[in-house]
Amino acid sequence: MAFLQELIKQIDDPDLQKRILLEVDKMVKQKKFGLVFEEHLPECTPLYDMEIKRGSKVALKTGKVSDIYLVRSMDGGRAMCERKTDHAEKEFALDDLVAVAEFGEPIYPYLKPIDSVCREPDSDLWHTLIEADNYHALQLLVYLYPGKVDCIYIDPPYNTGARDWKYNNDYVDSSDQYRHSKWLSFMEKRLKLAKKLLNPNNSVLIVTIDEKEYLHLGCLLEEIFPGDRMQMITCVISSQASVRDHMFSRADEYIFFVFIGNSAVYKSEDDMLNEGQSAKKSQLWFQFVRTGKGNLRSDSKTLFYPIYADPKTGKILSIGDSIPLDVPKDQIKAPQGQMIIWPMTADGREARWRTGVEIAKRRLQKGLLRLGKTSRKKSGWSVLTVNEGTEKRIEKGEVEVKGFDQNGSAILEEKSGSQLRVPKTVWNKVSHNAGWYGSKLMEKILVDRKFPYPKSLYSVMDAIHVVCRKKDALIVDFLRVPGQPCKP
């Protein structure tokens, strides 16, 4: 690269030399690995309320907003304009033109109140609907609420190729060979603004998408939010599914969650997958003998030891020391009036316990190690214990020790509401059907008006509720509007 720069310096034209050096510098900084996409010509914004004057940048209201003209002169209701790209002059009626701002130019956005509706005067909840180009609306929100937003929900255009969104006021369809990089360029600018809005200590970004861009979106999110935790959820949105020619019918879409700072998923009585099955009481007691792979005595040097108990009362009296592998268990004798219980498999092989001696003694002292009757053992007894998770739940108060049996074991009881579950990564709920609780619901609200591809109201609510339960939470929602970029 240094040799190339030396060759460029030999160019006699200083202006050309400078321009080539700038382009080479861009190439040097270009990504070598990871997500690579074209940095497309930035989007232009029509400014419908701005007065058109001599020198204004304008575009035809019915044309591409990126096809820019400069107003050279005005006479009555007409304007003589010079095209920016080829300098061709053309005359237009002023009513056919709209003022335009190119990306990066200051436009000084402001919020202009249009209307207000008050339905619950005693409620602390409030909502604000902003109708604007979403990039500039986000810029304004960054000025008002930097680092203060608790949750952002984004429903961007899915870029299916079915003319479902516009870039520079022109539909992006499946024939556009740059449609994926245009979409990434479009999303990158807005996600960077979203990051500035989110609370760096505790907030969540939620983005919905389908199979057309989910891979690109995942890579883009990892680039913009490095170090933050990210997870993707599969959400069933239609039991009938959308037909794909010569492919599987699509019944789901995806939801990306980016957890920033201390944010986390809340437990719920609904795990989002097993609808209709309320949270059941957890199993608190488990067999103390290890089962499954690696369960034999030979698999561990320290987890084979005797447990001494009273054969009449079934009370565990003490825990013995670990027995080396080369010492037969028959050499270990029980004190008079006591019995020894060893970890054994159902077919009579020597197994091992789940924990070491010290943990077993600790649990015995707390009443968390006890005997249970079994017909499989020659002694008629098996050893039961709680797992580490239950021990922690006892410490948190989710499981209460109500007392102790005659054999010294704890009487455990789960507190009401403690059977909450963490939602699963596949969501399958009737209320998430986008047709029944999205399209049909919107038809009743927006009479004679179309809202393309609405989400189920309940899927949106669930997505936010599982990660954000702050009473005074500040939530920003991006909406898709027909023929326009998504708007907050």
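Derivation of every value follows stated rules applied to the coordinates shown; laboratory data play no part. Remember, predicted model here, so these are calculated numbers, not experimental data. For neighbour counting, all protein chains shown are included, and Cβ atoms are generated from backbone atoms with ideal geometry for every residue, glycine included.
Structure notes:
- Between the residues Ile359, Val98, Pro343, the greatest Cα displacement towards the positive end of the dipole of the chain, with unit charges on the Cβ of Lys, Arg, Asp and Glu, is found for Pro343.
- Put simply, the amide H of Trp381, placed in the peptide plane, has neighbours under 5 Å in Thr374, leaving out anything fewer than 5 places away on its chain.
- Taking every DSSP beta bridge that has both ends in the chain, the antiparallel portion is near 85%.
- Amide hydrogen neighbours beyond the local backbone of Ala101, cut-off 5 Å, H modeled: Thr45, Leu47
- Model label points for Glu400 and Thr345, set 7 angstrom from Cα along the Cα-to-Cβ axis, are 4.3 nm apart.
- Of [x] 0.96; [y] 1.03; [z] 1.16, the label for Rg/Rh (Cα atoms, Kirkwood Rh) derived from the coordinates: [z]
- Length added when fully stretched, Lys366-Cys118, from 0.36 nm per residue minus Cα-Cα: 83.5 nm
- With the highest mean first, a sort of the peptides 72-81, 208-217 on other beta-carbon atoms found within 10 angstrom per residue produces 208-217, 72-81.
- Computed with the Debye formula from one identical point scatterer per Cα of the range 286-414, without solvent, the log10 of I(q)/I(0) at q = 0.12, 0.13, 0.21 Å⁻¹ comes to -0.45, -0.53, -1.32.
- Extended-chain gain in nm, criterion 0.36 nm per residue less alpha-carbon gap, Tyr178 and Ala264: 27.3 nm
- Overall form of the range 200-291 per C-alpha gyration tensor (a/c, 1.5; a/b vs b/c): oblate
- Peptides 181-187, 392-398, 358-364 ordered by packing proxy, namely the average of other Cβ atoms within 10 Å per residue, highest first: 181-187, 358-364, 392-398.
- Derived scalar couplings between HN and Hα for the range 232-243 equal 10, 9, 9, 10, 6, 10, 7, 6, 7, 6, 9, 6 Hz in order, rounded to whole Hz, by the Karplus curve 6.51 cos²θ - 1.76 cosθ + 1.60 (θ = phi - 60°), x for Gly and Pro.
- With R₀ fixed at 45 Å, the C-beta to C-beta distance from Ser431 to Lys29 puts the FRET efficiency at about 0.40.
- Annotation: amide H of Cys81 within the under-5 Å range of Arg72, Lys90, Glu91, Phe92, sequence separation 5 or more or interchain, hydrogens built in the peptide plane.
- Approximate spin-label separation Tyr145-Ile411, in nm, with each point projected 7 Å along Cα-to-Cβ: 5.2 nm
- Relative contact order for the range 184-292, counting Cα pairs under 8 Å that sit 6 or more residues apart, in percent: 31 percent
- Placing R0 at 25 angstrom, the Cβ-Cβ distance between Ser249 and Ile475 gives a FRET efficiency of 0.15 after rounding to 0.05.
- Potential extension, Arg19-Gln5 segment - 0.36 nm per residue separation minus Cα distance: 3.8 nm
- Normalising the average separation of contacting C-alpha pairs (under 8 angstrom, six or more residues apart) by the number of residues puts the relative contact order of the range 45-101 at 40 percent.
- The Asp310 and Leu420 beta-carbon pair, evaluated with R₀ = 51 Å, returns a calculated FRET efficiency of approximately 0.85.
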